[in-house]
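Only one structure is covered here, and it is reproduced in the block below.
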Amino acid sequence: MTNSIAFSVVLLACLVLVGCARHLNDPGRDISLPQKGHVVLADQRFSPPDWPQALYADVYIPDGNSPDGNPAAWPAVLVVHGGGWERRSRDDMTRISRQLADRGFVAVNIDYRFAPEYRFPAQLHDVQIAHRWMRDEASRLRIDADRIAGLGFSSGAHLVALAGLVAGTDSSLNAEYGPEDEGFFAVVVGGIPSDFGLFSGGKLLRQLMGARQEEAPEAYRAASPITHVHDDAPPFFLFHGTLDQTVPYEHARVLYEALLEHGVHAELYRMRLRGHITSFLIRGGAMRSAIAFLHDMAGRPADEE
């Protein structure tokens, strides 16, 4: 083992042991939630027959009846992977989806179309039709259609945040496929690109948007979640690495502050000494807190689950 590899292993072990994270708005929850077990419905097509690309989801359903005795009343979470809007797959979110299902949520882990073949807002539309599909298939998937949340990391965080913020508004981003009501009951986002104006440029954004920022400033602004923050937005739980160089920590901070300014319940879990990838791979405390947050926001105390 070379010295550089040995150093990396030691550093990674230290990060795991010390848990370098800080929850800036910790309400003191008990995050020790019991595990339930789950079943999986793999490769469920959620896109309509005439959609430009066939899209699929893996659905993770908790075992047994929900706490209120109704087998179709589990709260649910729409799960969206990262990858710069143009790569990776829902496989990245398998462990998170299993964790959600084991703690009392139906997790629907989805595909979406990739840039540059498909430009924004195609990816947002995919998330919106997945949300619609979850409601349409609620009985079969054992989902409480009135309690669906969104969870994503990186570009997936961007998409679920946008879907949650524009839902029920007159935004053009909600007009075609978004719900008329408020949509998600809560949103969990990690490593979120919240304000495209904070980036100096880059290939990924150019391929997503089909233009450079200086060529289409209004389009970049409209595609930024922070632009759509409003007083009736759903509650947010954000986690972000303070050493993130891909999506700087400022993205989480400014979105968190904007939500608070509008009177929206928001929590920020700051992960010190972690970058973009490590905040995803070493996310234990953040994800446990996020799941407890989802239980709270679903209106069901964790100890009843």
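The values are calculated or read from the model by the stated rules, or taken from the named source; none is laboratory data. Values in this document were obtained by computation on a predicted structure and should not be read as measured data. Please note: Cβ atoms are built from the backbone with ideal geometry, for glycine as well, and neighbour counts cover all protein chains shown.
For this structure, a couple of remarks:
- The set of residues in region 171-204 that are of a type in the set (K, R) and touching a residue at least 40 places away in the same chain (Cβ under 8 Å) is empty.
- Qualifying positions in region 142-196 - surrounded by fewer than 24 Cβ atoms within 10 Å (Cβ to Cβ) and under 22 Å from S289 (Cβ atoms): R147, F185
- In the set F114, F153, only one residue is within 15 Å of H81 (Cβ to Cβ), of a type in the set (F, W, Y) and in contact with a helix residue (DSSP H, G or I) (Cβ under 6 Å, 6 or more places away or on another chain); that residue is F153.
- Within region 220-263, the residues that satisfy the criterion of being β-branched (V, I, T) and closer than 20 Å to N174 by Cα are I226, T227, V229.
- Single match in E257, E304, E214 (criterion: among the charged types (D, E, K, R), surrounded by fewer than 16 Cβ atoms within 10 Å (Cβ to Cβ) and modelled with pLDDT under 95): E304
- Complete set of residues in region 175-202 that are more than 11 Å from the chain's Cα centre (by Cα), small (G, A, S) and not in a loop (DSSP other than H, G, I, E, B): A175, G197
- Residues considered: L151, L162. Of these, the only one that is in a strand (DSSP E or B), modelled with pLDDT of 95 or more and over 22 Å from N65 (Cα atoms) is L151.
- Selection count, region 198-220, where residues are of a type in the set (K, R) and within 11 Å of P116 (Cα to Cα): 2
- Qualifying position, being at pLDDT 95 or above, under 25 Å from R87 (Cα atoms) and either part of a helix (DSSP H, G or I) or within 19 Å of the chain's Cα centre (by Cα) (or both), among L268, L208: L208
- Residues in region 113-136 that are in contact (Cβ under 8 Å) with a residue 24 or more places away in the chain, more than 15 Å from G178 (Cβ to Cβ) and not hydrophobic (A, V, I, L, M, F, W, C): R113, P116, Y118, R119.
- In region 227-254, the residues that are of a type in the set (D, E) and crowded, with 21+ Cβ neighbours inside 10 Å: D244
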